[in-house]
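Notes follow the structure.
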Amino acid sequence: QDSYGEDTLWWDLGTSPILTDKAVVVAVMQSGPSYLVAFDKLTGKVLWKTDRVLDAPEEAAHSYSSPLRVTVGDQQVIAVLGADHLTLHSETDGSELARLGGFNPTAQRYFRSIASPVVQGDVIACPYARGATITGISLSALLAGKGKDAILWFRDDIGADVPTPAAMDGKFYVCGDKGVVTAIDAETGKNVWQVELPRSRHPFSSSPLIASDHLYLTREDAITFVVGPISSADPKLVATNEINDDALDTVASLAPIDGDLLLRTRQSLYRLSSSK
């Protein structure tokens, strides 16, 4: 804070750093000093820092989403979603290459963003509005300066507030906080299929994981649901997995490791294996 200004985030820094060939890049999006900063991987020295101060109101200026490193044409670009805008930056010096606003057209004060954007091909999907919307945008068109004309599709009937969508093979897999899981075509934004998981007072905060043509989704009560095959036209809920853990608030996403899964609850870390 001595170097970059006061931390004003209401819920502490939640964004993950990302790696480029030379740097570790951190995004800080908040009220007041907001910026991207790149540190040399080997020395920790600052390679570049660029301000990202936008006109989002109150808590809407706060974002906990993680940047994405994407290739657009022959350029390596850093995409950042937050403060009611998607911005594209040069990974060489952090300079802003393109900007798209309009994610909060009515200037809602509390539209902080948590779910991160995801990419399939040239399309970046941006969850926003506390899970009320998701927007598909052409990265190449946005980089070419087309602004709002770069928007390919817009959905206000599905979305994700906290879980970051999964993406593979031309589809985005969106898990709503209440457990409605929707596969949508990346180019058109249209539904491919939809599955409703069992209802509960516990929401979904961890992000879905794709493995072996199935989608793994963990609820805050540490129950993991498996949906698949996701390549089929009509996947089903094929498994429900509970662990002997009464700690709620499981918000960490499943992590694969050597064919097993790591599951972190509020107080414990589990390694789950198919073999005993």
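The values are calculated or read from the model by the stated rules, or taken from the named source; none is laboratory data. Owing to the predicted nature of the structure, the values given are computational and were not obtained by experimental measurement. A quick note on method: Cβ atoms are made from the backbone with ideal geometry, for glycine too, and the neighbour counts reach across all protein chains shown. Note: accessible area is taken over every heavy atom of the protein model, side chains too, but ligands, DNA and RNA are not part of it. Shrake-Rupley method; radii C 1.70, N 1.55, O 1.52, S 1.80 Å.
Here the 3J(HN,Hα) profile of region 216-223, calculated from phi with Karplus coefficients 6.51, -1.76 and 1.60 at θ = phi - 60°, is 9, 9, 9, 8, 5, 8, 6, 8 Hz, Gly and Pro shown as x. Which one, I114, L81, G101, is farthest towards the positive end of the dipole of region 22-142 when Lys and Arg carry +1 and Asp and Glu -1 on their Cβ? Of I114, L81, G101, it is I114. The shape of region 121-212 can be summarised by an equivalent ellipsoid whose semi-axes, obtained from the alpha carbon gyration tensor, come to 24, 14, 11 Å from longest to shortest.
Dipole magnitude for the chain: computed about the Cα centre from +1 point charges on Lys and Arg Cβ and -1 point charges on Asp and Glu Cβ, it is near 200 debye. Here region 188-220 is scanned for amide nitrogen atoms under 17 Å from the site 7 Å beyond the Cα of T240 along Cα-to-Cβ, giving 195-204, 216-220. Among 113-121, 243-251, the peptide with the highest mean count of other Cβ atoms within 10 Å heads the list, and the full ranking is 113-121, 243-251.
Please list, or write none, the lysines whose alpha carbon is within less than 19 Å of the alpha carbon of K171, excluding same-chain residues fewer than 8 places away. In chain and number order, the partners are K190, K236. Positive-end ranking of T50, V174, F225 along the dipole of the chain, with charges on Cβ about the Cα centre, is headed by F225.
Heavy atoms of the protein chains alone define the surface here; on that basis region 1-68 has 54 Å² accessible area per residue at 1.4 Å probe size. Charged side chains reduced to their Cβ positions (Lys and Arg at +1, Asp and Glu at -1) give region 92-220 a dipole of some 480 debye around its Cα centre.
In whole percent, how big is the carbon plus sulfur part of the accessible area of the chain, probe 1.4 Å, protein atoms only? Its accessible area is 48 percent carbon and sulfur atoms. Our Cα-only numbers for region 29-136 put the radius of gyration and Dmax at 13.9, 44 Å. In this structure region 180-276 gives 56 Å² per residue of accessible area when probed at 1.4 Å with all protein chains present. With one equal scatterer per alpha carbon and no solvent term, the Debye-computed log10 I(q)/I(0) for region 144-275 at 0.09, 0.16, 0.19 1/Å reads -0.28, -0.80, -1.07. Each of the chymotrypsin sites (Phe, Trp or Tyr not before Pro) that DSSP puts in a loop and that has at most 14 other Cβ atoms within 10 Å breaks the chain; the longest unbroken stretch is 111-276. For region 109-146, backbone nitrogen atoms closer than 20 Å to the point 7 Å from R199 Cα along Cα-to-C-beta are found at 132. Calculation over all alpha carbon pairs of region 100-174 in 5 angstrom steps from 0 returns a P(r) of 3, 17, 27, 25, 18, 8, 1, 0 percent.
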